Amino acid sequence: MLNEASNAKYSPVTTRDEQRSIATAAAKKKDILDDDGYANKVKLFLTSASSAKSSKITSPKKYKYACTTLLILGFILSLLLTIFIWFTDLYTSELYKRLTIENGSLLYDAWREPPVRPLMCVYIFNYTNFAEFVANDGSNNIKLKVQEVGPYCYRETSYRVNITDHKNGSQTFNEMKIQEFDYNSSNGSDSDIIVVPDIPYIIAIALTKDENFFIRKSVSSYLDNASEYPFVVVSVYDFCFGYQNDMTNAINTLAKIGNKTPPFEKFGLFVKRVGVNQDRLTVFNGHDNLNQMGQLMQLNGKSLLHPWKTDECNTVGGSDGMFFPRYEVQNGQNVNLFHKESCRKLPMTFRSRKKIKNGIIGHLYTLAHDAFNNSIPENSCYNVGASPMPDGVFDMGACSSNSPLLVSRAHFLYSNPSLLNAIEGLNPDPKKHEFLWIIDPLIGITIETEMRIQLNVQVRNPNNYGTLSKIPDNTILPFTWFEIKTGEISPKLDMLLFNLTYTVPWLQMFLMCLSLVGLLVTSFFLMRMLTKRSNIVIISNEIQPKDKPIEKIPIV
């Protein structure tokens, strides 16, 4: 029985059934595992799909945010640029702040060492009949005759030296000039011999006219021994840059006897113009006020001089010759040139606009027609002498130790006809003798000049002493007129003025258009994006409210 039972238990049939049962259970278990794996795969697929959908949704949002941010920044920048260019003067102000004459600016080196070398041409009145005139006993009505000779031209190099920068927006300096004879521009040589009034002698006699009889007679007798005529024969060079003769030595001796400083070691027209001039000039450098750049503040530390009647006439001011107030020039208003040899401002009036090289526009100025007219109220403060001068000449005596030196236009242009009638050989012509100045209206810098000034001496010998008695008292004798021409401007200055005239305005116009276009474009797209976004939000709220739950995908 036991064996049967054992055999039954381990019979092939039983084993087969058990194996089938085990296989069936394993298959079911496998099916269950397969079902779980499928579900996991479905879940993984759904998760990845959801992630992909989420990434597809998030990426456009980030793009939109970036575009919105860029549009907002572009709008703000365009708005600021539009305000900056259209409604403020900051653009031009910041540009012109770099065009001052303070140390380190773009114009400082050109101001300190001007690149333009002006041509100074001297025309001299050669007296041709002085011997006949002096020998005349009065029986014949003989006039002094002059013959204009020259020009004798010198190329001049200028420097500003001993510069002191002040914290109040000004600079003090000395002028230094070097002259070199220009044969090509001259008509003759500076070794030519000329006959001109003996100016030291005439000045010495004039300075004694208010002294007592003993001093006048002594001085006249002493000086008569040094000169036979009230004229001197010299070379052009000596007359311009200094000469010594018996008369100058006699005057220096008289000055030493009277315990006075000798007026000169040698006499010449441009003795003070050679080398470093002792006058200290103080000008605005434009740091605080660009319109005042180059305008004189002080002469030798003084803002007020004292030769004239009023403070207005005594005030140091006007241009030193290089820069003028640009606002006044732009508007065609009068400007002033300070003439330190006569201690006064010379008024210049606007005439016209003139096209210069490369299309640069300059404003042409001339010396006011009545600048030397003593009869007008504006010039009444200069009438400090015993008797007023005729219209057309200006008495510099109060500015130069009461010497009888006078300044006028060349050939007495626009002057009283009596001045022309006293001397033969003068022929005023506006085309040749006008005083002209061309100024750039953008920065007020001088472009070209034709400065023409005449120097004269007046005989002041009311007591008819010495050889000077042959010339009637108060006769005005012209002896020279000179012309200072700047010619063409330097290439650097030419390029600067060209850029300021054309490049800068076109660049400003481009920036104005760019700012306006940028503002309009950014405003349009920004408004469009905001409008579109609001529409999307409304539509999305209608399609899928926020409180609706997300349906789950059933797993099959």
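Values for this structure:
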| quantity | calculated |
| --- | --- |
| Residue match in region 309-317 (condition: assigned to a strand (DSSP E or B) and on the phi < 0 side of the Ramachandran plot) | yes |
| Residues of region 88-115 satisfying the condition of being under 30 Å from residue 190 (Cα atoms) and modelled with pLDDT under 85 | 115 |
| Residues within region 353-364 that are open to solvent by less than 20 Å² (accessible area, probe 1.4 Å) and touching a helix residue (DSSP H, G or I) at 6+ places or on another chain (Cβ under 8 Å), tallied | 3 |
| Those residues of region 161-191 which are surrounded by fewer than 17 Cβ atoms within 10 Å (Cβ to Cβ) and assigned to a loop (DSSP other than H, G, I, E, B), in sequence order | 166, 167, 168, 183, 184, 185, 187, 188, 189, 191 |
| The listed residue being charged (D, E, K, R) and under 22 Å from residue 406 (Cβ atoms), out of 192, 198 | 198 |
| Condition met for residue 344 (open to solvent by 20 Å² or more (accessible area, probe 1.4 Å) and of a type in the set (D, E, K, R)) | no |
| Subset of region 262-298 (residues that are in contact (Cβ under 8 Å) with a residue 40 or more places away in the chain, under 30 Å from residue 197 (Cβ atoms) and of a type in the set (A, V, I, L, M)) | 269, 274, 276 |
| Residues (within 19 Å of residue 473 (Cβ to Cβ) and either in a helix (DSSP H, G or I) or out of contact with any helix residue (DSSP H, G or I) (no Cβ under 6 Å at 6 or more places or on another chain) (or both)) located in region 397-407 | 397, 402, 405, 406 |
| Single condition residue 220 does not satisfy, out of (1) among the polar types (S, T, N, Q); (2) open to solvent by 20 Å² or more (accessible area, probe 1.4 Å); (3) at pLDDT below 90 | (2) |
| Filtered residues of region 309-322 (kept if in contact with a helix residue (DSSP H, G or I) (Cβ under 8 Å, 6 or more places away or on another chain) and either open to solvent by 20 Å² or more (accessible area, probe 1.4 Å) or over 16 Å from residue 399 (Cα atoms) (or both)) | 309, 310, 312, 322 |
| Single residue of 211, 228, 175, 180 found to be without any contact (Cβ under 8 Å) to a residue 24 or more places away in the chain and charged (D, E, K, R) | 211 |
| Scope region 272-295; condition closer than 30 Å to residue 239 by Cβ and either among the acidic types (Asp, Glu) or within 19 Å of the chain's Cα centre (by Cα) (or both); matching residues | 279, 281 |
| Search result, residues across region 296-310 that are over 17 Å from the mean Cα position of the chain (by Cα), of a type in the set (A, V, I, L, M) and under 23 Å from residue 167 (Cα atoms) | 299, 304 |
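The values are calculated or read from the model by the stated rules, or taken from the named source; none is laboratory data. It should be emphasised that the depicted structure is a prediction, and the values quoted were computed from it without experimental measurement. Heads up, the Cβs are rebuilt from the backbone with ideal geometry, glycines too, and the neighbour counts pull from every protein chain shown. Just so you know, the surface numbers come from the protein's heavy atoms only, side chains and all, with ligands and any DNA or RNA stripped out. Shrake-Rupley method; radii C 1.70, N 1.55, O 1.52, S 1.80 Å.
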